[in-house]
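The values are calculated or read from the model by the stated rules, or taken from the named source; none is laboratory data. Keep in mind the model is a prediction, meaning the values are calculated, not measured. Cβ placement follows ideal geometry from the backbone for every residue including glycine, while neighbour counts extend to all protein chains displayed.
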Amino acid sequence: MMPRPPSSLRIARRSARAHFTDPSRRRGLLVAFEGPDGSGKTTQRKLFKTWLKSEGYDVVTTKWNSSDLIKPIIKSRKTVRALSPEEFSLLHGADFRHRVEEVILPALWDGKLVIADRFLFTGLARDVARGLDLDWVLKLYEPLLWPDLVFYFAVSPITSGKRVTATRMPSYYEAGQDVTDVPDPVESYQRFIGRVIREYESLALIFNFITVDAEQSIGDQHRQIRQLFLEGQRRPWSEWNADAVAEWLALQGGRR
Amino acid sequence: MSRAKPVLISVDGVDAAALLAAARAALGSPSRGGISRWDASGVFQDLAVADEAAGAPSARTLLLLYAADLAFRLRWQIRPALAEGRTVVAAPYVDTAVAFGRAAGLKAGWLTNLFRFVPRASDRRFVLPAEARATAARDGFVGFSCDRMMGATSGASRRRLSADTAAHLRRAAKRKAPKTRP
C-alpha cells in the first residue's frame, strides 16, 4: 500500500460500503469451515460446494496454507523442522494475508461465494496451543476480515486422533512435536490436539461460531449446514470489514 | 574471570552497503562478537525466485516475512551470542522495518505489536543517507521490498517509498537518539 492521506482511505471505505451494500447486485459471501484435523470439514466443504453450485452460486474455495507465493517457503522449512512457534505463526500469517489480497477479496468484490477451508481461527487455535499470546496473534491478522458464517466442526480429541491415525501418521508439526517434545507422533498428536480443541472451543464462544456436531453422520451434518446457511446468508455486510477492503482497494491503485 | 557483558546494538537504515559498513564499525574487532544481517533465514531469497504468477506481496505480507526472518535471527544468531556474553550488531533491526511500514501507510499500532517479541537493543544507531541516496536504495530489505511489493507500480512510486522510509528513519533517530556515551 502506498501512503494515502486519511481522506483517501475514508473514500475507499465509503466505496467498499457502497459496493457491498448495493441491493442491485448479489453480495459476495465468505463462509469459513473450521475445526481440528479429522473433524470431517473437508468432506462437508466439498458437499456444500457441490450444493451451492447447483443453486447457482459462483463458488471459490481457498485452503489454509495454500498461497502460491508463501506455501513453498513454509513447506521447505517444515520439511527440515526448522520453525519456532513465532516463525510458524508469522509465516502462516503471511500466507493468509497474501490469499486475502489475491484470492478472497477479489472474489468477494466480484460477488462470489468464498468457502475458506480453515480461516484465521486455525492460526489462532494452533498458535495459542503452541504457547503464543492470543492478543499478539490476533493482531497479526489485522485488518481483520470477518466471515459471514463460521461453521465449527466439533469433535473430541479422541475422535480426531482416531480418524487421523486410521489412515496416516500425523506429520511433525501437525502432531505438535515441536512443542510437546514427545517422540511418538501419535501420542504427541493426542496431547497437542487436546490443546488445540480447547482453544477452538474458547474461540467458538468469543466469535460466535455455528457449532456442528461432527460426530453425527455425514448426511445429517450436510443437511444442517444447508439449513443454517439459508438462515444466515441474509446477514447484513459487516462494517468491521471496511478497513480490510479499503486497504485492498488502495493496493489496486484505482483498478477496481 | 568475570564473564563479558552481552551487548545488542541495532543499526538501521535503507542502504544495505552503508548498513554493513556501519555494523562493522560498531562491532570493532570481530573477536567481540558478530553481525546479524537481513535474510539469514533465506525467506526473501526464496521469494526472489518465486514465479511471477504467484502474485506480488503487499507491504504487510513483506513485514510479516521480515518478522519471521527476525525471529530466525534471534533464535540462531542473536540470543545464542548474547548468552555467551558477546556483542551482536543487528543490521538492520526493528526500526528499518517500522519505517518501511509507516512509509507504506500501515498503522504504528500494528507494527508495534508485530515486533513485540523482539528484545530492545541497548544501543540504537541509524545510518541516515542524503535524500538522493535514500531514493536509490536497491539492495537490502527496503530496496527489495520497494522493487517487489504490490502497489508500487512505477519507478517513481518506488523511489518515493524508499525516500519516505528514510524520512521515517530520520524521525525515529531524532526521537530515540542514542544516549551520549563518555
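Summary of values
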quantity	calculated
Qualifying residue in the range B:118-136 (condition: under 18 Å from residue B:98 (Cα atoms), at pLDDT 70 or above and within 14 Å of another protein chain (Cβ to nearest Cβ))	yes
One residue from B:171, B:158 being at pLDDT 90 or above and part of a helix (DSSP H, G or I)	B:171
Residue satisfying all of: in the range A:148-182; among the hydrophobic types (A, V, I, L, M, F, W, C) and out of contact with any strand residue (DSSP E or B) (no Cβ under 8 Å at 6 or more places or on another chain); nearest to residue A:32 (Cα to Cα) among these	A:155
Top-ranked residue of the range A:149-171 - restricted to ones that are in contact with a helix residue (DSSP H, G or I) (Cβ under 7 Å, 6 or more places away or on another chain) and part of a loop (DSSP other than H, G, I, E, B), ranked as farthest from the other protein chains (Cβ to nearest Cβ)	A:169
Scope the range A:25-59; condition small (Gly, Ala, Ser), out of contact with any strand residue (DSSP E or B) (no Cβ under 6 Å at 6 or more places or on another chain) and either closer than 25 Å to residue A:243 by Cβ or not assigned by TED's automatic domain parsing to the domain that holds residue A:117 (or both); matching residues	A:28
Boolean, residue A:188 is buried (at least 19 other Cβ atoms within 10 Å of the Cβ), closer than 30 Å to residue A:84 by Cβ and without any contact (Cβ under 8 Å) to a residue 24 or more places away in the chain	yes
Unique residue being more than 25 Å from residue A:120 (Cβ to Cβ) and either touching a Pro at 6+ places or on another chain (Cβ under 6 Å) or at pLDDT 90 or above (or both) when the list is A:170, A:185	A:185
Among (1) away from chain A (no Cβ under 11 Å); (2) part of a loop (DSSP other than H, G, I, E, B), the one test that residue B:82 misses	(2)
Residues located in the range A:27-54, provided they are more than 30 Å from residue A:199 (Cα to Cα), of a type outside the set (A, V, I, L, M, F, W, C) and either touching a Lys or Arg at 6+ places or on another chain (Cβ under 9 Å) or surrounded by 15 or more Cβ atoms within 10 Å (Cβ to Cβ) (or both)	A:27
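Okay, residues lined up against (1) assigned to a loop (DSSP other than H, G, I, E, B); (2) more than 26 Å from residue A:179 (Cβ to Cβ); (3) without any contact (Cβ under 8 Å) to a residue 60 or more places away in the chain; (4) of a type in the set (Asp, Glu):
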{"residue": "A:88", "(1), (2), (3), (4)": "no, no, no, no"}
{"residue": "A:97", "(1), (2), (3), (4)": "no, no, yes, no"}
{"residue": "A:111", "(1), (2), (3), (4)": "yes, yes, no, no"}
{"residue": "A:121", "(1), (2), (3), (4)": "no, no, no, no"}
{"residue": "A:124", "(1), (2), (3), (4)": "no, no, no, no"}
{"residue": "A:131", "(1), (2), (3), (4)": "yes, no, yes, no"}
